[in-house]
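Read through the structure below, which is laid out as structure tokens, and then see the notes.
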2 protein chains.
Amino acid sequence: MSIVTIERKVLEKNDELASRNRELFQHHGTFVLNIVSSPGSGKTSILERTLEHLKGNLRVAVIEGDVQTDFDAQRVAKFGVPVVQIVTNGGCHLDAKLVQDALGNIDLNGIQLLIIENVGNLVCPANYDLGEHSKVVVASTTEGDDKPLKYPAMFRNASVLLVNKIDLLPYVNCNITELKNNALRINPALNVFETSCTTQQGIDVWCTWLESQLKNYPLINE
Amino acid sequence: MSIVTIERKVLEKNDELASRNRELFQHHGTFVLNIVSSPGSGKTSILERTLEHLKGNLRVAVIEGDVQTDFDAQRVAKFGVPVVQIVTNGGCHLDAKLVQDALGNIDLNGIQLLIIENVGNLVCPANYDLGEHSKVVVASTTEGDDKPLKYPAMFRNASVLLVNKIDLLPYVNCNITELKNNALRINPALNVFETSCTTQQGIDVWCTWLESQLKNYPLINE
């Protein structure tokens, strides 16, 4: 029973720090996305295509979360945006404290969009609020159409679903209608987009939507 | 600091129960695999192809672990083997206690091979010994070739790597030699097999190796 108590305390403490992060974001007028998914579903590729698309339109910064390596930060740095790598050293999720520490290395002044790429894990990051405004879950077609039902918490807590790798649909056993229906059954409020980072299909629709969301977000500094 | 202590206690308690599970397996002469991977890498499909291949040669039982749903147990039950579903209800890994409870519903007498399919998660299940003799990590080509470096603990603790979905290699950005080299850099003792559940390629080589391993395992009951 004590373990449950500790676990609740950990989450309460995290929520408190997440609120502080959120206040900081509001203060700077920075809109924040938390991108979550299984390992290898294409989070970093989507980030790359998104940065490419938004270039010149928006001032963006990135926090990369990985269990090990700074490969993803290296990939993102090529786009000339401020990027901080968090290495969790075996930790299975980012938490609000890790993000708070990372924020010490980013000047949020004038940053309109902060994208946090979480550790590849479809379970644990679902419970940890980082202070973000929106959780974006990426599900690739290669993972099959049953994942929303098998890992419901992540799809329930997200506000956006990117169905990625749609270029592979002819080669994999995945019914995309079924995948979307399963996700919407868990969370009818999900905004669903279909993307491919290989063919670029759907990237413009996703980015246009993202830009429209940002227009609705009160930019205190402007 | 108290959280770290609790965490260590949790793992110590788990290791103790895992030892008890292992003793039970030895007593019955049952060889046990713990299959781990990201969500959607093809664990259940590999299990299906393996059961198909071993049919008539070996007496097999299965424990299915999922965050939600009993879809996988339903798929496996079609092969006429004893199967127990563990639903973790949000839990991110199987532990030795859950397996112990599941074993209450399986008669291990005469079972030569027990296959435990873990929750889809490339991070947390790495730390939880279930009492198995061998951890089998499945990495699909669609996840990219960098995953062993980004999620090293799982590849370090496994004794077998199945590189799955090799039929998709022409369509994805994955260098299979690089993937295998990355895995072997983390764990040079890994037994590596290439498989495709769609084309059946490599399934026979994997199953032949598995059968040969079982021959080396002392079957107390025979």
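The values are calculated or read from the model by the stated rules, or taken from the named source; none is laboratory data. The structure presented is a predicted model; accordingly, all values stated were derived computationally and were not measured. Methodologically, a virtual Cβ is constructed for each residue, glycine included, from the backbone with ideal geometry; neighbour enumeration extends over all protein chains shown. Areas reflect the complete protein model, heavy atoms only, side chains present, ligands, DNA and RNA absent. Shrake-Rupley method; radii C 1.70, N 1.55, O 1.52, S 1.80 Å.
Assuming charge only on the beta carbon of Lys and Arg (+1) and of Asp and Glu (-1), the dipole of segment A:169-222 about its Cα centre is about 180 debye to the nearest 20.
Separation of segment A:174-209 and segment A:108-154, taken as the distance between their Cα centroids, equals 14 angstrom.
Ligands, DNA and RNA aside, residue A:60 has an accessible area near 10 Å² when probed at 1.4 Å. In a reduced charge model with +1 at each Lys and Arg Cβ and -1 at each Asp and Glu Cβ, the protein assembly as shown shows a dipole moment near 80 debye about its Cα centre. Would you tell me the accessible area of residue A:171, worked out with a 1.4 angstrom probe on the heavy atoms of the protein chains, in Å² to the nearest 10? Its heavy atoms expose roughly 90 Å² to the probe. Against the criterion of solvent-accessible heavy-atom surface with a 1.4 angstrom probe, A:211, A:64, A:194 sort, most first, into A:194, A:211, A:64. By the rule of a C-alpha distance below 14 Å, with chain neighbours fewer than 8 residues away ignored, the aspartates and glutamates paired with residue A:78 are A:48, A:52, A:64, A:70. The listed residues B:12, A:117, once ranked by accessible area (1.4 Å probe) with the largest placed first, stand as B:12, A:117. For the peptide B:111-123, the mean number of other protein chain Cβ atoms found within 10 angstrom of a residue's Cβ is 3. Peptide A:182-194 is shielded by partner chain Cβ atoms: per residue, an average of 0 of them sit within 10 Å of its Cβ. In the protein assembly as shown, the DSSP-assigned H stretches of four residues or longer account for a calculated mean residue ellipticity at 222 nm of -12000 deg cm²/dmol, using -39500 (n - 2.57) per stretch and the full residue count as denominator.
With the whole protein complex present, residue A:97 retains an accessible surface near 90 Å², based on a 1.4 Å probe.
Exceedance of the 22 Å cut-off in Cα-Cα distance is limited, within the set A:165/A:215; A:147/B:97; A:165/B:43; A:147/A:180; A:55/A:97, to A:165/A:215; A:147/B:97; A:55/A:97.
Segment A:104-222 gives an Rg/Rh value of 0.99, both radii derived from C-alpha positions and Rh following Kirkwood.
Rounded to whole Å and sorted largest first, what semi-axes of the equivalent ellipsoid does the C-alpha gyration tensor of the protein assembly as shown yield via the square root of 5 times each eigenvalue?
Value: 39, 24, 19 Å, ordered largest first.
The share of Cα pairs per 10 Å bin across chain A, counted from zero up to the longest distance, runs 8, 34, 38, 17, 3, 0 percent. Once the C-beta distance of residue B:192 and residue B:101 is scaled by a Förster radius of 45 Å, the resulting FRET efficiency is 0.85 to the nearest 0.05.
Annotation for segment A:28-101 versus segment B:1-66: alpha-carbon center distance of 33 Å. Pairs of C-alpha atoms in segment A:1-116 farther apart than 22 Å represent 36 percent of all such pairs.
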